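Chemist: Structure provided below as structure tokens; questions to follow.
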Amino acid sequence: MGRKTKMNSITSPELLAQVNPQNMQLLEDFKDYLRSLQRSEATINGYDSDIQIAWVWNLKHNNNTFFCDWTKRQVIKYQNWLINENENSPARIKRLKAALSSLGNFIEAVLDDEFPNFRNIINKVESPVNQPVREKTVFTDEQIDSLLNHLTATGQHKKACVLALALYSGRRKAELLQFKVDDFTPERLVCGGALYKSAPMRTKGRGVQGKQLEVFCLAKKFDPYLQRWLTYRKEHDIESEWLFPDKSNPSEHMSISTLNSWAKTFSTFLGVDFYWHAMRHMTVTTFKRAGIPDTVIQQYIGWADISMVPVYVDMKADEQLGMYFNENGMVTPEQKSLADL
């Protein structure tokens with residue numbers, strides 16, 4: 001069975017209104033500090049939601065204690081509640097604690113004039129050991145081909161185009177939505193026409209602007225889906241600079257919530273849980289199977305560290321070894337270029 005994430009509704013406006021005002025002020029000051037460092041709003045919202053969970057637990061189970069007065073015993077109680085009552089995974093608990101620890105670092109380093117005796121104790125309490133709590137969905141080429149064929153046959157060209165772009169570019173959800181029509185003109189073709197290279201776009205990274213990258217897409221593989229979608233747009237008078245415009249406001253691109261909704265639809269068709277990040281894994285795995293060197297894969301995806309490549313390769317050890325060893329002993333695998341894919 002595929003991935004399942006337990007989602008609990010813990011906070012609410014009514015509960016947050018009862019939270020210790022000092023704690024809420026600390027959170028607001030922390031968010032202002034993050035904005036002064038030009039952290040992205042998505043990052044700030046993540047801290048906000050994670051720390052709000054701690055504040056509501058503190059309200060219900062810890063006498064609404066001011067955070068600067070927390071003891072290690074109270075940190076242990078919070079962690080115990082997360083894992084045994086709220087049924088969070090060890091990885092989720094580490095993230096929730098990391099948000100509180102970042103807040104603690106802010107108080108210790110920036111608000112030391114107000115709280116000179118404060119010491120950040122969150123990481124003094126050992127976190128539970130990571131354990132796999134969900135099976136990663138590894139898709140076959142046949143599964144994704146069947147989905148693409150279904151979407152095309154039923155005239156769902158926008159969905160097919162987004163899916164194909166995810167498969168042949170390896171981009172994250174937020175990045176898929178940033179592509180513009182002009183990123184797929186003949187002038188954008190490189191490597192003898194094998195790849196499209198986009199204008200710089202915001203990818204995951206620190207700061208409001210994130211990490212600016214020119215990203216790539218396999219042109220020959222993607223073009224059929226692109227042309228069908230562009231034809232549909234023309235026939236239905238859809239005009240927008242964005243490749244995937246918002247249905248109600250074409251001046252804006254589509255939202256991530258729409259992609260999340262589509263993922264549920266794809267899951268129903270496939271009979272297993274679909275998640276967009278799996279397409280990034282498929283891109284890297286396809287390149288690896290084709291014998292593309294890790295350094296080229298690294299450059300294609302835009303990773304700073306080549307060690308990320310094996311993390312995304314969904315191949316068992318026997319398959320990888322089989323590329324270099326057979327009944328004749330060691331063999332040299334056929335090297336392909338991106339143009340061959």
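Chemist: Listed residues Glu142, Glu126; which is surrounded by fewer than 17 Cβ atoms within 10 Å (Cβ to Cβ) and over 30 Å from Lys77 (Cβ atoms)?
Modeler: Just a single option satisfies the conditions, and that option is Glu142.
Chemist: Which one is surrounded by the most Cβ atoms within 10 Å (Cβ to Cβ), of the residues in the stretch 301-332 that are touching a residue at least 24 places away in the same chain (Cβ under 8 Å) and either farther than 21 Å from Asp141 by Cα or in contact with a Ser or Thr (Cβ under 8 Å, 6 or more places away or on another chain) (or both)?
Modeler: The residue in question is Ile301.
Chemist: Here is a check on your reading of the model: is Leu147 closer than 27 Å to Leu270 by Cβ and either of a type outside the set (Gly, Ala, Ser) or exposed (fewer than 14 other Cβ atoms within 10 Å of the Cβ) (or both)?
Modeler: yes
Chemist: Return the pair list, or none, for Cβ contacts closer than 7 Å from residues in the stretch 50-63 that are in a helix (DSSP H, G or I) to residues that are of a type in the set (Phe, Trp, Tyr), at least 6 apart or on different chains.
Modeler: Going by the 7 Å Cβ cut-off, the qualifying pairs are Ala54/Tyr78; Trp57/Tyr78; Trp57/Trp81; His61/Trp81.
Chemist: Please name all residue pairs, on different chains or six or more residues apart, with Cβ atoms under 6 Å, provided the first residue is in the stretch 23-40 and is more than 18 Å from Thr65 (Cβ to Cβ) and the second residue is part of a helix (DSSP H, G or I).
Modeler: Lys31/Ile44; Tyr33/Phe106; Leu34/Ile44
Chemist: Does Tyr232 qualify as being crowded, with 17+ Cβ neighbours inside 10 Å and modelled with pLDDT of 95 or more?
Modeler: no
The values are calculated or read from the model by the stated rules, or taken from the named source; none is laboratory data. Please read these numbers as outputs of a predicted model, since none were measured by experiment. A quick note on method: Cβ atoms are made from the backbone with ideal geometry, for glycine too, and the neighbour counts reach across all protein chains shown.
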